[in-house]
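To start, the structure under review is shown below, and the notes come after it.
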Amino acid sequence: MNMMETRSAKRVLLTEALADIMLAEGLDALSLRPAAARLGTSDRMLLYYFGTKTALVGDVLACVSDRFARHLAQTTYGRRLPPQNMVGHAANLLAEPEGRAFAQLWLEIAARAARGDEQYSEAAAAIAELWTDWIVNSVHFPAGTQSRNAAAMMLAIVNGIALLDRAAPRVAEAARSRVQAGA
């Protein structure tokens, strides 16, 4: 393996490790010095592999997004759910331990995007598109339904429940029980 391949392979390993840290602890865990120390390296070495903190955060967000896409795909295994079941299914996913980590991170990304942080705005848009695509591909919509619009509405409901899970768990549980009942 030449030096560029070695550097690229090390960058991938660091990205995966940083994604683990970010999923466990949130966006603030990507502060260079503390993150580097946790990985047994220095902030300068992280910058050597990534070039800039912006590139590091971008790579880690892309890694987490890919993981989330795989996680979502595994939950439907290529089958298509009836529309009335999707919101309950997705809300339950975000209430499970692995899903909670993604949901918590998603809410942090969305909050930073809402405050105008361009890097997080791009990440939030990409993640929302990924989620919408998954819903479109996982729901058997009736003929004539504008599937992307319906998926966007479902996503808005699921995001609301995910936010309530952190802010008002009893309200979220009531909402989740309602969507599970198909009402």
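The values are calculated or read from the model by the stated rules, or taken from the named source; none is laboratory data. These figures come from a predicted structure and were not determined experimentally. When we count neighbours, we look across all protein chains shown, and the Cβ atoms used for this are built from the backbone with ideal geometry, even at glycine.
For Ser138, the criteria (1) in contact with a strand residue (DSSP E or B) (Cβ under 8 Å, 6 or more places away or on another chain); (2) at pLDDT 95 or above hold in every case but one, which is (2).
The selection criterion, being among the polar types (S, T, N, Q) and loosely packed, with under 14 Cβ neighbours inside 10 Å, does not hold for Ser138. Go through segment 1-31 and give me each residue that's of a type in the set (Val, Ile, Thr) and free of Cβ contacts under 8 Å to residues at least 24 places away in the same chain. Selection gives Thr6, Val12, Ile21.
Could you go through segment 87-104 and let me know if any residue there is farther than 25 Å from Ser177 by Cβ and in contact (Cβ under 8 Å) with a residue 60 or more places away in the chain. Checked against the condition, which is being farther than 25 Å from Ser177 by Cβ and in contact (Cβ under 8 Å) with a residue 60 or more places away in the chain, segment 87-104 yields no hits at all. Elements of the type helices (runs of 4 or more DSSP H) sitting completely within segment 1-85 and holding at least 3 residues that are exposed (fewer than 13 other Cβ atoms within 10 Å of the Cβ) and of a type outside the set (Ser, Thr, Tyr): these cover 3-25, 53-76. For segment 86-107, the candidate set comprises residues that are in a helix (DSSP H, G or I) and loosely packed, with under 15 Cβ neighbours inside 10 Å; within that set, the residue that is modelled with the highest pLDDT is Pro97.
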